[in-house]
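To start, the structure under review is shown below, and the notes come after it.
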Amino acid sequence: MFVAMEWTTVSTDQIEQRMLYRQAEISRLIAEQLADLEEIDYRQVATGDGCKSISEWVAGRFDISTETAKRLVRTMRRTRDRPDLREALEAGVSIDRVEALSRIPDKVGLLEHLDVAGVQRQAALRARISTEDEQRSSDDQFLVLQPSLDESWWKGWFGLEGTGGALLDKVISEMADQLPGHPDGTRGSSSWRKAVALTQLAVSEVPTPAQVTVHVDTKHATESNGETGVVLDTGPRVGRQALQAILCDAVVEVTASREDGIPMVYGRKTRTIPPALRRAILHRDGHMCQADGCDSTHRLQIHHVKPWSEGGTTHPDNLITLCWYHHQIVVHQQGFTPHPHPQHGRIRFTRANRDPPVPVSELGSLAHVHPSIHPM
């Protein structure tokens, strides 16, 4: 190991290389640990030691949390018949990537063109969820509230299945966004506002309406009879059993996309944007206002780029997501016209008598016409 006086002779690149080497060593050690754990599971050591499950045995013996133990056991069992993933661990591939790949039933390689978050999204899209898995998620839900001795402070833990968790998150986030600011102009942290919103939800006579959207990739869903290709707009996977319940629930909508990812097309059959199409457009636009520089994710509305009165259609290509302010105030009250920027596609606004934005690459050629314009 380096001593303090040696740091002055070590470059940042060397430190980074040491860290990468050690991370690879951790992966190799985990590969060995999974092999040992597989043998422990085969010998039913946990039962012999009076534990309810091997996860309980691992948590106690390794001095780790129950969630970490369960994740280790799941990865061990999923990679038991996947020597390619065990070999990847031994080669230094991260446990997070291997764990996500183990949830994909098909051999897709290491998906090195994706980061770990991308691999996890692929796993959510392709992983199969059996009726037994759904039942287990439902049965494992819990809520624990613990007061202090004088009940002046409470803390809690909970776990929800995918649909319920997504619905609660959406309700709380929308209510938190509607809370007024403090008299001094501050609004409090996001976690503080959500805590207050949770209390407000409990005392409110009319809970804030919320809607969760299920996106169906028809290719994956058809090939697997609904066991893959069905995801909530917030990320979690759902299976056939949950989908059947969702179809009967008025607060949840289902939108379908073709293999190329294009949502349903409505043309000029309807001026009003159908709810399912609205959710699909929100999903396409990342649930964020498309105005350049705006990062609002609440009070979002769908706008016809070319107005219906001018022949515009209710087609995905003619629809954009704008927040309430940019839609109602900027476009409809102040009369600005939205234009997709020619370089990055984000929406900018011009007055009716102004030209749309010009690409930076063309500013040089315009300088002799408009002396006030200079290349950036």
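The values are calculated or read from the model by the stated rules, or taken from the named source; none is laboratory data. These numbers come from a predicted model, not from an experiment. As a convention, Cβ positions derive from the backbone with ideal geometry for all residues, glycine included, and neighbour counts pool all protein chains shown.
Within segment 61-80, being surrounded by fewer than 18 Cβ atoms within 10 Å (Cβ to Cβ) and either outside any helix (DSSP H, G or I) or outside the structural domain of E32 (by TED's automatic domain parsing) (or both) holds for D63, I64, S65, R80.
Here T314 passes the criteria (1) in contact with a strand residue (DSSP E or B) (Cβ under 9 Å, 6 or more places away or on another chain); (2) modelled with pLDDT of 80 or more except the one numbered (2). Among the residues of segment 112-135, those that are touching a residue at least 12 places away in the same chain (Cβ under 8 Å), more than 10 Å from T228 (Cα to Cα) and not polar (S, T, N, Q) comprise V116, V119, R121, D133, E134. Among the residues making up segment 1-60, those that are assigned to a loop (DSSP other than H, G, I, E, B) and more than 26 Å from D84 (Cβ to Cβ) are M1, F2, V3, V10, S11, Q44, D49, G50, C51, K52, S53.
Within segment 315-342, being under 8 Å from H303 (Cβ atoms) and hydrophobic (A, V, I, L, M, F, W, C) holds for L319, I320, L322, V331. What are the pairs, 6+ residues apart or on separate chains, where a residue within segment 22-46 that is without any contact (Cβ under 8 Å) to a residue 40 or more places away in the chain and not assigned by TED's automatic domain parsing to the domain that holds T79 has its Cβ under 7 Å from a residue that is surrounded by fewer than 16 Cβ atoms within 10 Å (Cβ to Cβ) and among the basic types (K, R)? Here the result reads none, with nothing in segment 22-46 linked to a residue that is surrounded by fewer than 16 Cβ atoms within 10 Å (Cβ to Cβ) and among the basic types (K, R). Being at pLDDT 70 or above, surrounded by 14 or more Cβ atoms within 10 Å (Cβ to Cβ) and not aromatic (F, W, Y): is that true of L232 here? Against the criterion (at pLDDT 70 or above, surrounded by 14 or more Cβ atoms within 10 Å (Cβ to Cβ) and not aromatic (F, W, Y)), L232 does not qualify.
Which one of these is of a type in the set (K, R) and closer than 24 Å to T163 by Cα: K107, K70?
The unique qualifying residue is K70.
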